[in-house]
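Data block below; observations after.
The values are calculated or read from the model by the stated rules, or taken from the named source; none is laboratory data. Source: prediction; values computed, not measured. Ideal geometry is used to build each Cβ from the backbone, glycine not excepted, and the neighbour counts take in all protein chains shown.
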Amino acid sequence: MEEHISLIHVDRQFQSIKREVLASIENVLNSGQYILGKEVEQFELEVGQYLNTAYSVSVANGTDALVLSLKALGIGKGDEVITTPFTFFATAEAISRIGAKPVFVDIDQDSLNIDASYIEAAITSRTKAILPVHLFGLSCDINKVCQVAKKHNLFVVEDACQAFGATNHELKLGTVGDIGCYSFFPTKNLSSIGDGGLVVTNNEEIARKIKKLRHHGSTRKYYHDEIGYNSRLDEIHAAILRICLKKIDLWNSVRIKRAKKYQSLDGINGMKTPKIPASNGSHIYHLYCIEHDHRDDLMDYLKQHNIASGIYYPIPLHLQEVYKNLGYKKGDFPVSEQKADVLLALPMHPFLSDEEQDRVIKVLQAYKEPGKDDD
Ligand SMILES: *Cc1c(COP(=O)(O)O)cnc(C)c1O
């Protein structure tokens, strides 16, 4: 059996910057300042410069970035937030967490992101915000989302957890709407060796509120004027993220190079490769997902060849057990439901080697679809 090929290689990423990372950790340890110190301050400054945004507030994880953002906008019980059912659970969980109700609208066939043309029909008097996701590293039609939001006086909170560094018409994703949220979970494009998150905004008032919320509702030590959270990025993670931030454009460009190579699989043995609609900017391939009508069979086949693949996501959020109370049923969002049955993520990471990718492609080229005769 040939060697196993993983979906991602966070270990190799760490190896590539090991010396710098270990030195930075030692630095933090020697400093005696482990929470909200110099590293966090510097990281917030540098990441703000990279994204070209006025305010950057780091938090404990991407989910908290969303929760604190919605909270800072004054959204809560009785309010509705419009989002996509085809995303990682945390997107909708953040809405529910603050007592508001997620309202789903279906996705676009090609971008796999919220179909902005469905949003208006979902707006009610209780709608407060739109929470679009830039899924797999590709922008949603963010300009159209913002137009609809403006017309109806709604906030836009971008879930850019999978899209750090991707753009739409020169703007970095996460900086187009009122607030952008990022995750630094180890598998994300920009990542640390644990949990981490970030909120960005150009609105000073919102930034101030989030800074307060992440630190027990306090701006002055031991004086608290609201119930907040304990949601801070650790100094060690900030130090590591400062190192990774310098590499992110390079790493994203390798992903793009890998994606171009995979693109040759389009139309081969029933495989469809990702499409990028013109309105959707650059794709940084957090995940590289192809479509196949016999997805599960293809996954088994890859497994037999010792190649990992992944299903993102098997169940759209409107059909999740926990959201039964929202009253959705099968058939409500046909595009999301169909994509859940056919998408398959192939190995994709800046540290996937040429040889490994070549083997994946060769194995896929040799795939025989069920029911198809040899020719
Ligand atoms: C990862 C992710 C989150 C949550 O981030 P955590 O850091 O794991 O809390 C939210 N939304 C999307 C789309 C994600 O991919």
Item to complete: Output yes when any residue across the stretch 177-199 is at pLDDT 95 or above, hydroxyl-bearing (Ser, Thr, Tyr) and in contact with a strand residue (DSSP E or B) (Cβ under 7 Å, 6 or more places away or on another chain), and no when none is.
Response: yes
Fill in: Scope the stretch 195-217; condition within 18 Å of PHE88 (Cβ to Cβ) and either part of a loop (DSSP other than H, G, I, E, B) or of a type in the set (Lys, Arg) (or both); matching residues
ASP195, GLY196
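Here is a yes/no grid of residues against (1) in the same structural domain as TYR288 (by TED's automatic domain parsing); (2) without any contact (Cβ under 8 Å) to a residue 12 or more places away in the chain; (3) assigned to a loop (DSSP other than H, G, I, E, B); (4) under 20 Å from the mean Cα position of the chain (by Cα):
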| position | (1), (2), (3), (4) |
| --- | --- |
| GLU2 | no, no, yes, no |
| PHE14 | no, no, no, no |
| VAL21 | no, no, no, no |
| SER24 | no, no, no, no |
| GLN33 | no, no, yes, no |
| GLN42 | no, no, no, no |
| VAL47 | no, no, no, yes |
Worksheet item: Which one of the conditions (1) hydrophobic (A, V, I, L, M, F, W, C); (2) farther than 30 Å from HIS169 by Cβ; (3) not in a helix (DSSP H, G or I) does VAL57 fail to meet, given that it meets all the rest?
Response: (2)
Worksheet item: Which condition number does ILE82 fail, the rest of (1) in a strand (DSSP E or B); (2) touching a Lys or Arg at 6+ places or on another chain (Cβ under 6 Å) being met?
Response: (2)
Practice prompt. Test PRO350 against the criterion of being outside any helix (DSSP H, G or I), in contact (Cβ under 8 Å) with a residue 24 or more places away in the chain, surrounded by fewer than 14 Cβ atoms within 10 Å (Cβ to Cβ) and not basic (Lys, Arg), and give yes or no.
Written response: no
Item to complete: Look at THR187 and say whether it is under 14 Å from the mean Cα position of the chain (by Cα), of a type in the set (Val, Ile, Thr) and more than 16 Å from the ligand (Cβ to nearest atom).
Response: no
Discussion item. If a residue must be surrounded by 15 or more Cβ atoms within 10 Å (Cβ to Cβ) and of a type in the set (Gly, Ala, Ser), how many such residues does the stretch 246-285 contain?
Written reply: 5
Practice prompt. Kindly indicate which of SER96, SER125, SER117, SER69 is away from the ligand (no atom under 16 Å from the Cβ), among the hydroxyl-bearing types (Ser, Thr, Tyr), in the same structural domain as ARG232 (by TED's automatic domain parsing) and part of a helix (DSSP H, G or I).
Written response: SER117
Fill in: Residue pairs meeting the criteria (Cβ under 9 Å; at least 6 apart or on separate chains; first not assigned by TED's automatic domain parsing to the domain that holds ASN61, in the stretch 179-191; second near the ligand (Cβ under 10 Å from one of its atoms) and in a strand (DSSP E or B))
none
Worksheet item: Would a scan of the stretch 214-229 turn up a residue that is touching a residue at least 60 places away in the same chain (Cβ under 8 Å) and more than 16 Å from the ligand (Cβ to nearest atom)?
Response: yes
Discussion item. Please go through the stretch 150-170 and give me each residue that is more than 12 Å from the ligand (Cβ to nearest atom), within 21 Å of ILE256 (Cβ to Cβ) and modelled with pLDDT of 95 or more, ordered by number.
Written reply: GLY165, ALA166, THR167
